[in-house]
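Engineer: Structure incoming, see below.
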Amino acid sequence: MAEWHRVKWSRAEQAVDRSFLAKTASVGTADPKAAPPVFFGQLRDGGRSDLAVEFLAQAMPRLEAVVWAADVVQDMSAALPSEEADTLRTVFDWVAAPTETSRRAAMDAAQRCEISAPAWLAAMAAFYSGGSVAPPDCDPLHPPPDATGRFAAGAILMVCADLEDMEGAIDLCLMRGEGLATQGLSVRGGR
């Protein structure tokens, strides 16, 4: 099992909250005190690839989580409606230049999408990645620390749920995500 160079946590339990750990309790072999790659493998071996997606999205840095979600939405979705394609473009704009302006542009574009569409979820992952989630003319309101990972995982799982071989799609996504956790953005080959 490869070392996750982009993950700062030494134990899986550091990367997630108690509510997530409660969900993993059904996987008897999953030890939250284990190193993140080990815990990830235990979730997968325990037949809970969905929880492995959630865990990985929480464990990796926020930028990588957004990239993972956006790449999956772009590469694995059927033809996106124009408003979702436009929203996804704003997410990639934020990835290329993660500024406050591009983060808010992703949120603005998402408002034109159906709530819970994979592109909407990817845009929410970008928007909740840092900075205030309050309107610009209000006092700052910091996002919950797990919001980016939850939205990113949601985008990935929604795309996979629409595919004929959902489990196969999740496995492919997990391999891609693990590449990001191991090698960072360099695994994308200049995309």
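Engineer: Helix-only mean residue ellipticity at 222 nm, the chain, DSSP H runs n ≥ 4 weighted -39,500 (n - 2.57), per residue, nearest 500. What is it? Let's see the in-between values first.
Structural biologist: Details: 9 runs with 112 residues, N = 191.
So the helix-based figure for the chain works out to -18500 deg cm²/dmol.
Engineer: Stretch residue 21-residue 171 to full length: gain in nm at 0.36 nm per residue minus the Cα-Cα span? Spell out each step's value before the answer.
Structural biologist: Details: separation 150, 0.36 × 150 = 54.00 nm, distance 2.13 nm.
Stretched out fully, the residue 21 to residue 171 stretch lengthens by 51.9 nm.
Engineer: Turning to a different aspect of this structure: With springs connecting C-alpha atoms under 10 Å apart, model the chain as a Gaussian network and identify which of 50, 162, 139 has the largest mean-square fluctuation.
Structural biologist: Comparing 50, 162, 139 in a Gaussian network model of the chain, the most mobile one is 139.
Engineer: Out of 12, 131, 107, whose Cα points farthest toward the positive end of the dipole of region 1-138 (charges: +1 Lys, Arg; -1 Asp, Glu; placed on Cβ)?
Structural biologist: It is 12.
Engineer: Next question. Go through [x] 1, 7, 14, 16, 16, 13, 11, 8, 6, 4, 2, 1, 0; [y] 1, 7, 14, 17, 16, 12, 7, 4, 3, 3, 3, 3, 3, 2, 2, 1, 1, 0, 0; [z] 1, 9, 17, 21, 20, 16, 10, 5, 1, 0 and flag the label whose value is the computed P(r) over Cα pairs in 5 Å bins from 0, in percent for this structure.
Structural biologist: Recomputing P(r) over Cα pairs in 5 Å bins from 0, in percent here gives the entry labelled [z].
Engineer: Given +1 on the Cβ of Lys and Arg, -1 on the Cβ of Asp and Glu, and no further charges, what dipole in debye does the chain carry about its Cα centre, rounded to the nearest 20?
Structural biologist: It comes to approximately 600 debye.
Engineer: Within region 114-146, list the residues whose amide N lies under 19 Å from a label point set 7 Å along Cα→Cβ of residue 79.
Structural biologist: 114, 118-119
Engineer: So, one more: Which whole DSSP H helices in the chain pass both tests: a Cα extent of 24 Å or more along the axis and a mean Kyte-Doolittle value no lower than 0.0?
Structural biologist: Working: long enough: 166-183 (25 Å, 0.30).
Those that pass (Cα extent of 24 Å or more, hydropathy at least 0.0) are 166-183.
Engineer: Given the options 122, 57, 79, which has the most mean-square fluctuation in a GNM of the chain, springs set between C-alpha atoms less than 10 angstrom apart?
Structural biologist: In the Gaussian network model the winner is 79.
Engineer: I've got another one for you. So which residue, out of 123, 70, 25, gets the largest mean-square fluctuation from a GNM of the chain using Cα contacts under 10 Å as springs?
Structural biologist: Most flexible of the set in this elastic network: 25.
A short reminder: the numbers here are calculations on the coordinates, not readings from a lab. Predicted model, so just to flag it, every value in this text is computed and none were measured. Because the Cβ atoms are built from the backbone with ideal geometry, glycine has one as well, and the counts that use them run over all protein chains shown.
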